[in-house]
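Chemist: Here's a structure for you.
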Amino acid sequence: AKAERTVIDLDNKTFQFAETPPLTHNSQRTRMPWLTSAAAAVLIGSAVFFASSWNSQEVTAPEVAQIVSAVDARWSGQAPKENRALQTGSRELVAGTIELLFADGARVSVSGPAKFDLISARHIHLESGNLVARISDEALGFVVTSPNSEVIDLGTEFGLSVGDQGLTDVHVIDGLVEVMPRHSMGNNQSVKIEQGQARRFESR
């Protein structure tokens, strides 16, 4: 077989490579393992890159609220900073009082000791402690849950207190709320509580 000369034209500059004999059956057999290994390395590198990119996107939790004021606040663990966005997640306020402004406009004051979980821009879960929620018209439908109840705002200001074993007291200061008891056995019909009324919810 004849030897071949390779000529490449890049930007009108001609590069000429030395003559090399065409691949024989034996030389193809020799080069194939090297090509296979190189292709495998490229595939593995790409998989690692995309996996790391995917993981980096998953670890970022959404920002749902911020602390707009704090009085004598003490936290368990690292203290959140005022006027800085807070991501979803659980927090424990050892003492003091904070006011949270949610992305949808709801304002919630939490008094310690309290454990709470920011679920979304329209949902806070109070595991223990006390809070007062003031809901603007834009934030209607804001939800506050406790171990024993789910309180859905219908345009109001209300207080929530969660004691031992999830015992929950709901007091409506202004407006109206709808409460869904979280009983372990049946009869979970919702209850509406009006201004000036209070109701206690406990496990059965």
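Chemist: Take the Cα atoms of the range 109-204, find their three principal axes, and give me the spread along each one in whole Å, biggest first.
Modeler: Per principal axis, max minus min of the Cα coordinates gives 34, 28, 24 Å.
Chemist: Just the Cα atoms of the range 65-125, one point each, no solvent: what log10 I(q)/I(0) does Debye give at q = 0.12 Å⁻¹?
Modeler: Results for the range 65-125 at q = 0.12 Å⁻¹ read -0.23.
Chemist: Here is a follow-up. Starting from 0.36 nm per residue, how many nanometres of slack lie between Ser69 and Glu194 once their C-alpha separation is accounted for? Show your work: numbers first, answer last.
Modeler: On the way: separation 125, 0.36 × 125 = 45.00 nm, distance 2.86 nm.
Here the answer is 42.1 nm.
Chemist: Still on this model: Please list 3J(HN,Hα) in residue order for the range 129-146, calculated via the Karplus relation 6.51 cos²θ - 1.76 cosθ + 1.60 where θ = phi - 60°; whole Hz, with x for glycine and proline.
Modeler: Once θ is set to phi - 60°, the couplings for the range 129-146 become x, 10, 8, 10, 10, 10, 10, 7, 4, 5, 9, 4, x, 4, 10, 10, 10, 9 Hz.
Chemist: If you don't mind, another one. Taking amide H positions as placed in the peptide plane 1.01 Å from N, state which residues far from Gln195 in sequence (5 or more) or on other chains have amide H under 5 Å from it.
Modeler: Gly175
Just so you know, all these numbers are worked out from the coordinates, no wet-lab data involved. Just so you know, these numbers come straight off a predicted model, no measurement behind them.
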